[in-house]
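**Student:** Before we start, here is the structure in question, set down as structure tokens.
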Amino acid sequence: MNKFLFPVLAVVIGILIASLSKYKKTWNTKLLLSFSGAFLLALTLFELLPEVYNHLDTKLTGLYIMCGIVLQIVLELFSKGAEHGHVHIHKDETHFPWLLFISLCIHSFLEGFPIHENNDMLYGVLVHKIPIAALVSMFLFQSNFSKIQITMFIIVFAVMTPLGTFISNTWEAIADYAHIINAIVIGIFFHISTTILFESGEGHKFNLSKFIAIILGVGVAFAI
């Protein structure tokens, strides 16, 4: 049950962080985002990538990973980078952000596929979703959307990852293509995590706090 509950719990934690932060971006959220990016990238390299290469042709695996990177780029044309912390909703916005909503749901749905009962990728997705859920919640709370719209957005976003996990674990037709889908998800994770890690700080200055957060993320991923 953890594989279904943890992604939802991550969204709940994100909402709590948004509430405690009084709906403003804080340095703590940025550091958590850096930690999560490093943690997700490291787990992908340590766990998911060797598994996929062990079951698929090497050249085709690279092609599927590139497809995942391209897919994430396309999704970000609509989400504007919300998957790695860039949420742009204007305070005076009144129209529901359907493109953001749909792209985030597709991303969340796909990231549920590599999660299995005893799979460390569960923790990677968990840690990744917390700061994203926090940032999305902050901007939703600042918007002029109705409480019903905000609640619907958050609930559907929260259940998409468990839905992806459920389908990948129970549908035999999908199971036959599990490793191909996982390779595509690797590309998605690569794009998101490297974007988080390599975004330049203000004036391209070295950020010690961010560097420490990245090292901790890699270290924890290796330890588990």
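**Student:** For the range 1-23, how many residues meet the condition of being modelled with pLDDT under 80 and open to solvent by less than 50 Å² (accessible area, probe 1.4 Å)?
**Tutor:** Going through the range 1-23 one residue at a time, the tally reaches 1.
**Student:** So, one more: Which one of these is within 14 Å of L31 (Cα to Cα) and open to solvent by less than 40 Å² (accessible area, probe 1.4 Å): G217, G187?
**Tutor:** G217
**Student:** Restricting attention to the range 138-174, and to residues there that are more than 19 Å from the chain's Cα centre (by Cα), farther than 29 Å from K30 by Cβ and not charged (D, E, K, R), which single residue is surrounded by the most Cβ atoms within 10 Å (Cβ to Cβ)?
**Tutor:** Looking at residues that are more than 19 Å from the chain's Cα centre (by Cα), farther than 29 Å from K30 by Cβ and not charged (D, E, K, R), I get N169.
**Student:** Suppose we filter F39, F35, F46 for residues that are under 26 Å from L208 (Cα atoms) and open to solvent by 70 Å² or more (accessible area, probe 1.4 Å); which single one remains?
**Tutor:** Matching residue, one of F39, F35, F46: F46.
**Student:** At pLDDT below 95 and open to solvent by less than 50 Å² (accessible area, probe 1.4 Å): does that describe T26?
**Tutor:** Taking the combined requirement at face value, the residue satisfies it.
**Student:** Any residue that is open to solvent by 10 Å² or more (accessible area, probe 1.4 Å) and either out of contact with any helix residue (DSSP H, G or I) (no Cβ under 9 Å at 6 or more places or on another chain) or at pLDDT below 90 (or both) - is there at least one of those in the range 105-113?
**Tutor:** Looking for residues that are open to solvent by 10 Å² or more (accessible area, probe 1.4 Å) and either out of contact with any helix residue (DSSP H, G or I) (no Cβ under 9 Å at 6 or more places or on another chain) or at pLDDT below 90 (or both), one finds none in the range 105-113, hence no.
The values are calculated or read from the model by the stated rules, or taken from the named source; none is laboratory data. Nothing here was measured: the structure is a model prediction, and the numbers come from that model. Note: ideal-geometry Cβ built from the backbone for every residue, glycine included; neighbour counts use all protein chains shown. These area figures cover heavy atoms from the full protein model, side chains too; ligands, DNA and RNA do not enter into them. Shrake-Rupley method; radii C 1.70, N 1.55, O 1.52, S 1.80 Å.
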